[in-house]
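Here, each number is a calculation from the coordinates, and none is a lab measurement. Because the structure is a prediction, the values reported are computed rather than measured. Cβ placement follows ideal geometry from the backbone for every residue including glycine, while neighbour counts extend to all protein chains displayed.
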Amino acid sequence: MKARILRIAAASAVGLLIAAGIAWWQVDNAGTTVQSSVPIGGPFTLADQDGKTVTDADYRGKFLLIYFGYTYCPDVCPTELGTMARAVDLLGAQGEKVQPLFISVDPERDTVAHLKEYVPLFHPRLVGLTGTPEQVKAVAKEYRVYYAKAPQKDAKPDEYLMDHSSFIYLMAPDGRFLGVYPAGTTADRLAQDLGTRIAG
């Protein structure tokens, strides 16, 4: 069992390293579309923080900034959501052409009601999405997102962390995958790249 866990961890690490390399290339070449032999992105059906059922098609016509995380995340998730929010504000009027999305990988705790309290803390236009475990698994597969529950020692069953990949995905208004920004990308750099694409 231990050997199997180590193999899974190693495979995940390799995948994340490759994705990180693509992400840095993407950020350092603003305005250039990343080509990938592996399709990223696709159709999904989820519920937003108002309980409305939405699909990927509902966001056509806008650039999408998508982050996969969870509301109980103690560090990287709020940091990256804050970066997305700041970048949208830095864009000024151009920001109206960008829709930031937060997709939960913890549907057990991230209910519609909980998301409704959480997402306004970052930006009035941030949309939080959740769904059934099956729906979340399906959208994570489309975006090649890794996530797994990480129970804590001597903690209650509902007191756990989620291991997950941490990238901001950029999708074109027609739904095409354009690239990813790695954790730690500044809001200024994100806004600069987005502004170039919007003006493009």
In straight Cα distance, which lysines are under 21 Å from K62, not counting same-chain residues fewer than 8 positions off? K52, K97
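Which order results if E117, E80 are arranged by neighbouring Cβ count within 10 Å, fewest first?
Numbers: E117 12, E80 25.
By the 10 Å Cβ count, ascending: E117, E80.
Going by C-beta contacts inside 10 Å, put D110, D56 in order with the fewest on the left.
By the 10 Å Cβ count, ascending, the order reads D56, D110.
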Please work out the C-alpha center-to-center distance from the stretch 131-200 to the stretch 79-118 and express it in whole Å. 11 Å
Nearest-0.05 FRET efficiency for K116 and R60, computed from C-beta distance (R0 30 Å): 0.80
Approximate spin-label separation E159-A183, in nm, with each point projected 7 Å along Cα-to-Cβ: 2.3 nm
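With a 10 Å Cβ neighbour count serving as the proxy for reagent exposure, in which order, fewest first, do Y160, Y169, Y146 appear? Kindly include the intermediate steps, with their values, before the conclusion.
Working: Y160 15, Y169 22, Y146 18.
Lowest count first: Y160, Y146, Y169.
Listed highest first by mean packing, meaning other Cβ atoms within 10 Å per residue, what order do 93-106, 121-134 come in?
Details: 93-106: 20.3, 121-134: 17.7.
Final packing ranking: 93-106, 121-134.
Between Q152 and T53, what is 0.36 nm times their sequence separation minus the Cα-Cα distance? Round to one decimal in nm. Don't skip to the end; give the middle numbers.
Numbers: separation 99, 0.36 × 99 = 35.64 nm, distance 3.28 nm.
Between Q152 and T53, full extension yields 32.4 nm more.
Once you compute Rg and the Kirkwood Rh from C-alpha atoms, what is the Rg to Rh ratio for the stretch 65-200? Walk me through the intermediate numbers first.
Working: Rg = 15.1 Å, Rh = 15.5 Å.
The Rg/Rh ratio comes out at 0.97.
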On each of the three principal axes of the Cα atoms of the stretch 152-200, give max minus min coordinate, whole Å, ordered largest first. 53, 24, 12
